[in-house]
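Taking it in order: structure first as structure tokens, then the write-up.
Nothing in this text is a laboratory measurement; each read-out follows from the coordinates by a stated rule. All figures in this text were calculated on a predicted structure; none of them were measured in a lab. Here the Cβ positions follow ideal geometry from the backbone for every residue, glycine too, while neighbour counts run over all protein chains shown.
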Amino acid sequence: MNAQPAPASRRPADVAPVACDAIELLDLVWDTDRGQEPGSGGSTVSASQLRVLRCLERGDGINLRTLSELLGSPPSSVSRLCDRLEATGLVERGPSPVSRRELTLRLTGRGRGHLRGLRERREESLRRVVRAMPPAARSALRDGLVGFRAALEAGPQAPGERPGDAILSEAAAGAARTASVRRDEASPGSSSGRGANPGAAEPEGAGPR
């Protein structure tokens, strides 16, 4: 018995354009306040800078290399974005606890407040639209978006690409390993110091003395 073809509304080729149209409409709705910060004197945060803020929200304390990998952009370009965000008080740089030659990037309280306020304004915009939808359509939309997010987070990824969560997890694990090595080396009587193990790997970012 031949399998019945999927209804047009269920085929990926038919769903994708509808989703794309909806995203473009959301961009138009949100464009006016994409980066507007109350009390900022009219200054705005660009879409690229907003991506930086979101990455730092998920991976507070990461270094520039990890942030560049998450964004898929050259470190020099990402550094300039961070310079502008630091100048506006949304991001701060600080010394790394695991490497003297690295700096960590963190959101300031103002940066977190900016993201919180932006989400609140966007959610209110969405509520106005969702209220006009029939209950069945609202339920279907919610279920569809939950499934969409799950599929997006699970992949499939492009060849050689890693999900952002994997990059952040690896960065955190690497920092923890390096910190553990430094603690062992600093412990009195430790046999893991450089003198006892000259072949031990240098912490990332450390160069010849």
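Averaged over residues, the count of other Cβ atoms within 10 Å places the peptides 52-65, 118-131 in the sequence 52-65, 118-131, highest first. Relative protection proxy for 105-114, 68-77, from highest mean packing down: 105-114, 68-77 (other beta-carbon atoms within 10 angstrom).
Remark on the stretch 30-153: ratio of C-alpha radius of gyration to 2.2 N^0.38 Å is 1.26.
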